[in-house]
Each structure stands twice: as C-alpha cells, then as structure tokens.
Amino acid sequence: MSKNKIELHSVYKIFGDQPRGRALELARSGMDKDRIQQQTDHVVGLDDVNFSVREGEIFVVMGLSGSGKSTAIRTVNKLHSITAGEVLVDGVNVQKLTGRALQEFRRQKMGMVFQHFALFPHWRVIDNAGYGLKVQGLTKSERDRAALKALDQVGLAPFANSFPAELSGGMQQRVGLARALAADPDILLMDEAFSALDPLIRRQMQDDMMAIQAELHKTILFITHDLNEALRIGDRVCIMKDGKVIQIGSPDEILTNPADSYVAEFVQDVDQGRVIDVASIMAEPRPLMVSEHDLTDAAPLVDEMSGRFVVDENNRVVGLLTPDDVERARAVGSVDLRRAIRSDFDTTTRAATLNENYAAAGRGLPIAVLDSNERLVGRLEPFAVLAELGRVEELVESYRDGTDDSGHDAIGPATDNRAADNGTTEPRATSNGATR
Ligand SMILES: Nc1ncnc2c1ncn2[C@@H]1O[C@H](COP(=O)(O)OP(=O)(O)OP(=O)(O)O)[C@@H](O)[C@H]1O
Ligand SMILES: [Mg+2]
C-alpha cells in the first residue's frame with residue numbers, strides 16, 4: 001500500500017466575516033449550505049471534507065460549479081486558510097506554515113497549473129518555463145537547463161526560443177505545464193488545467209499528462225467538472241457537491257456503484273460517450289501530396305500506419321495509400337503513386353459521431369475527415385474509434401449491470417441498439433465514389 005501524500009481531515013472552509021462563528025456550528029450540525037447562507041450570510045466552501053491522495057496517483061476531484069473543488073485544492077498549498085480541520089502534505093501540517101517556511105514548502109513540493117495560465121508575452125518560452133526557478137534565485141544557466149528539460153517532457157523543446165504568441169493555445173498550456181514541472185515538484189496541483197482547450201488538444205494533453213505521470217511518478221491532484229475527463233485520467237475520483245464529498249472511488253466503482261442520485265446523474269453523461277464526435281479523437285491528417293511524391297519515397301511514409309491520404313494542391317483527397325497498396329504496386333514494378341492509391345475509403349466530418357463511423361471503422365482503413373469544402377482536416381483511425389466505443393460500452397455496461405438489480409431505469413438506449421444506430425447512420429459515412 002503506497003503512502004498518502006496529501007490528506008484532508010474534516011476540513012471546513014467558511015467564507016464570511018466570522019467564519020468560526022454560527023455558520024461553522026450549523027455546518028457541523030449538518031445544516032446544508034443554502035440554509036446556512038440564508039441564516040448567516042456566510043458561504044460554506046468546504047463541509048467536513050476528508051480525502052487522501054496516495055503517492056504517485058492521479059486523484060481527480062470533480063463536481064458542478066461552486067461545489068468546492070477550487071477551494072479544496074487551494075487548501076493544499078494554503079492559498080486558502082481553512083476554518084477547521086487539518087491538511088497534511090507529507091505529514092506536514094500545511095496550514096501551520098507561514099512566511100518563508102510556507103514559500104519554501106510550496107516551491108519544493110508543488111507545481112500548480114490553472115485553466116488560464118498567464119505567460120509573459122515578451123518572454124521567450126524557455127524563460128516562461130523557468131519563471132518559478134527565477135523566483136527561487138537559481139542562476140540563468142541552472143534555470144535554462146531545468147526549463148529545457150521540462151519543455152522536453154511536454155514536447156516543446158524545439159520552441160524554447162519562441163514567444164508565446166507564436167504558439168497555439170494548447171502549446172501555451174503545455175508551457176504552463178512545463179513551468180510547473182521545471183522545479184521538479186513531487187506534487188502537481190491542476191485546477192481545470194485543460195478545460196479551456198478544444199477537445200482534440202484536450203485529449204492529447206490528457207494523454208501526455210498520463211505519459212508524464214507514468215514516467216515521472218508525480219502525485220497529481222486534478223480538478224475538473226467533466227466526468228468523462230475524470231474517468232479517463234483518474235486513478236481515483238472524488239465527487240463533490242455543495243462543499244461535501246459525496247463519493248470517492250475508482251472510475252469503475254463510481255460507475256457501477258454511484259453513491260446517490262447526484263452521482264448517478266453525472267454518470268448518465270457517460271452515456272453521451274456514444275455521441276463522442278469525430279473532432280475529439282481525430283488525428284492530424286498528415287497527407288502526402290500527389291504532385292510531390294512517387295511511390296518510392298511515399299512507401300516508407302506509410303510504413304507502420306494503417307494508411308495515408310493523398311491530396312492535391314487544394315487539400316482535396318485524391319486517394320488513400322495503404323501498405324497493401326504499396327505491396328501490390330511493387331509486385332507489378334510500378335512507382336506511380338496515382339495508380340497505386342485506392343479510392344474506396346470512407347469520409348466523415350468533424351461533427352459526425354463515432355457511432356456513425358462504427359461500421360466504416362470496422363473495415364480497418366483510416367477515415368478521411370473533411371470540412372464543408374471537402375478539404376482534408378483530419379484522419380480518423382479505425383482503432384481509435386473501436387477503442388473509444390469499446391471503452392464507453394464497457395463503462396456503460398458495467399454501470400447498467402450495477403443498476404439493473406436495484407430496479408432503476410436503464411440509462412439511455414440498451415446496448416443492443418448500437419447495431420441499430422449504425423444501421424441507420426451508416427450511409428452518412430459515405431464512400432468516395434470516384435473510380436481509379
Ligand atoms: N473568496 C471567496 N469568497 C466567498 N465565497 C467564495 C470564495 N471562493 C469561493 N467561494 C464560494 O465557495 C463555494 C465553492 O467555490 P469553488 O470556487 O471552490 O467552486 P468550484 O467547485 O471550484 O467551482 P467552479 O467549477 O465554478 O470553478 C462557492 O459557493 C463559492 O461561491
Ligand atoms: Mg473552480
């Protein structure tokens with residue numbers, strides 16, 4: 001059993017003039033947040049919160065807006081003083097720390113990443129990433145070394161000398177992550193760190209964070225209001241409501257055994273996994289240009305991929321080149337790319353759902369994602385579609401198994417309907433009718 005890195009014991013946080021007065025008493029007696037606010041004009045931020053984050057785990061706190069997530073994470077580095085209870089980090093009572101000791105403790109132990117990570121626009125990426133170290137008084141070369149290493153961990157080393165404005169939103173958020181990693185803290189505190197990113201980049205960031213976690217074994221306290229994100233990245237998930245902890249468990253436990261109707265309602269959202277859109281899991285299109293390649297130089301580029309789309313100068317797809325196609329052309333001694341490519345690939349749009357692409361994905365070929373002008377904007381890997389749907393099915397299935405016994409209504413359509421869904425939507429994932 002790994003040890004606890006962070007512990008909250010019976011933590012209360014009351015906002016108002018007299019936090020330790022009647023409001024606290026009422027909260028302790030079990031009165032709910034709304035009534036306490038009516039009666040005392042004090043807001044209950046945290047109401048007897050207990051949880052422990054184990055060393056090396058990703059612990060996700062999720063809940064609706066105002067449920068106390070940010071308040072909870074801020075007690076851990078004492079951005080908030082608590083009204084009652086105890087917060088321990090590595091056994092140290094954080095709330096007792098003050099002045100230099102508190103500063104030192106924050107710097108050594110934790111890095112923070114927020115939703116909107118303000119980078120200094122006139123500083124290069126490397127200097128932004130090393131900012132926390134500058135505050136710590138490290139020399140320029142020490143800072144640069146640590147910052148570069150952190151940038152490398154988030155895949156941004158090549159952009160060290162760029163300015164923030166030259167990076168995309170997702171890349172800027174990565175600089176934020178690098179900044180938190182640069183001081184090599186044991187703990188990362190992440191408050192809605194990916195919530196402002198668009199779904200494709202968000203998913204990529206989740207993946208990257210999990211990879212970093214696997215390699216560096218940080219302890220991560222992650223806040224989100226998105227259950228899908230929580231279930232995807234969390235080793236354990238803590239669900240909060242009105243300042244209280246409602247349930248703590250593994251994603252499976254939360255889904256199969258929701259503690260109450262509040263959790264169950266969240267869990268129903270998971271069923272929307274069935275309507276995950278293409279945009280959220282498509283990959284970069286990385287096409288070959290028909291005018292620039294012949295088969296000799298194209299062949300190595302399709303190796304180890306399910307296939308690459310070939311486009312014209314207007315980014316319209318002229319065909320798909322798979323490793324099989326390369327083999328076949330080679331067998332007849334041809335190097336003509338145009339003749340080697342196939343036209344029997346499927347197409348879809350960003351807004352289409354994975355269900356709609358289920359049948360097409362079953363063919364094992366990548367699906368071209370086109371914009372309204374028929375230009376190639378992404379590539380949908382069949383494996384990604386099946387894996388994602390499989391994962392969602394599993395989650396929904398296990399949840400349904402858990403609730404059927406208790407006589408609850410099943411959530412959403414029965415699983416069997418998936419085949420029917422696909423039956424009706426299959427024609428929308430149209431085949432390109434052009435002939436070779
Ligand atoms: N500085 C403050 N002064 C007064 N009340 C506050 C303060 N900070 C938070 N609160 C209240 O505490 C409760 C919890 O707020 P908190 O910011 O922790 O919610 P959250 O779960 O992070 O929500 P969101 O998803 O919107 O970020 C809310 O009712 C909020 O109004
Ligand atoms: Mg918040």
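Points worth noting:
- Among (1) outside any loop (DSSP other than H, G, I, E, B); (2) out of contact with any Pro (no Cβ under 7 Å at 6 or more places or on another chain) - the single one PHE120 does not satisfy: (1)
- Enumeration of residues in the range 86-117 that are among the small types (Gly, Ala, Ser) and touching a Pro at 6+ places or on another chain (Cβ under 7 Å): GLY111
- Any helices (runs of 4 or more DSSP H) falling wholly within the range 298-388 and containing at least 2 residues that are in contact with a helix residue (DSSP H, G or I) (Cβ under 8 Å, 6 or more places away or on another chain) and of a type in the set (Gly, Ala, Ser): 358-361
- Pairs with Cβ under 7 Å, 6+ apart, first in the range 222-247 and touching a residue at least 60 places away in the same chain (Cβ under 8 Å), second acidic (Asp, Glu) and within 14 Å of ligand 2 (Cβ to nearest atom): ILE223/ASP191; ILE223/GLU192; THR224/GLU192
- Only one of MET112, MET62 that is assigned by TED's automatic domain parsing to the domain that holds MET240, within 15 Å of ligand 1 (Cβ to nearest atom), modelled with pLDDT under 90 and in a strand (DSSP E or B): MET112
- Only a single criterion out of (1) under 30 Å from LYS244 (Cβ atoms); (2) modelled with pLDDT under 90 is not satisfied by ASP186, namely (2).
- Only one of the numbered conditions (1) basic (Lys, Arg); (2) within 22 Å of THR219 (Cβ to Cβ); (3) within 10 Å of ligand 1 (Cβ to nearest atom) is not met by LYS5, and that is (3).
- Selection status of SER67, of a type in the set (Gly, Ala, Ser), within 16 Å of ligand 2 (Cβ to nearest atom) and in a loop (DSSP other than H, G, I, E, B): yes
- Close pairs (6 angstrom Cβ cut-off, 6 or more residues apart or separate chains): touching a residue at least 12 places away in the same chain (Cβ under 8 Å) and of a type in the set (D, E, K, R) in the range 66-88, part of a strand (DSSP E or B) and away from ligand 2 (no atom under 16 Å from the Cβ) anywhere: GLU86/HIS9
- Test: residue in the range 230-239 that is more than 22 Å from LEU389 (Cα to Cα) and within 16 Å of ligand 2 (Cβ to nearest atom): yes
- Residue, surrounded by the fewest Cβ atoms within 10 Å (Cβ to Cβ), within the range 71-99, restricted to residues that are within 15 Å of ligand 1 (Cβ to nearest atom) and within 15 Å of GLY111 (Cα to Cα): LEU79
- Filter result (outside any helix (DSSP H, G or I), among the polar types (S, T, N, Q) and either over 24 Å from PRO251 (Cβ atoms) or within 16 Å of ligand 2 (Cβ to nearest atom) (or both)) within the range 18-59: GLN18, SER29
The values are calculated or read from the model by the stated rules, or taken from the named source; none is laboratory data. Computed from a predicted model, the values in this text were never measured in an experiment. Using ideal geometry, Cβ is built from the backbone for each residue, glycine included, and neighbour counts are taken over all protein chains shown.
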